[in-house]
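J.: Dropping the structure in here first, questions after.
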Amino acid sequence: MNVAELLERQYGVKTTYAINPEVAQVEITLTKVLSYNPKRVSFVLINLGADFLTIAPDPLVSTTRGIYLVPNGGTLSMVWTEDFEMPTFEWFAIADTAACAIFVLEVLTQ
């Protein structure tokens, strides 16, 4: 039995995934990195850039308001079993002084 079958047996749903479903870079201006998606059960977002970025589940994110991700690997991960509805929210980010490449992996129910 593979993991997909185990998940379907345990939770009764099939899952799929997407990589960088919205953007692959956060700008120094407001950037939407994830749209609202009630089927998203988890995601991981990694700052691949050489600058700091800040992320929050609303468009009022700024360099002084949100979750601060350090350069070269700062990570935010969410899963519904621990973070309840937060993985489904719309997420916005802003880079501190230079655009930052990001890697986003999301898991969705089908």
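Rule-based calculations on the coordinates, nothing more; no lab input. Quick caveat, the model's predicted, so the values are computed rather than measured. Neighbour counts are summed over all protein chains in view; Cβ atoms, including those assigned to glycine, are modelled from backbone coordinates with ideal geometry.
J.: Which residues among segment 17-59 fall inside the zone where the amide N is under 11 Å from a point 7 Å beyond the Cα of residue 96, along Cα→Cβ?
T.: The answer is 50-54.
J.: With a ≥ b ≥ c taken as the square roots of the eigenvalues of the C-alpha gyration tensor of the chain, please select rounded if a/c is under 1.5 and otherwise prolate if a/b is larger than b/c or oblate if it is not?
T.: Prolate, because a/c is 1.5 or more and a/b exceeds b/c.
J.: Among 19, 55, 102, 67, which comes first, then next, by fewest other beta-carbon atoms within 10 Å?
T.: 19, 67, 55, 102
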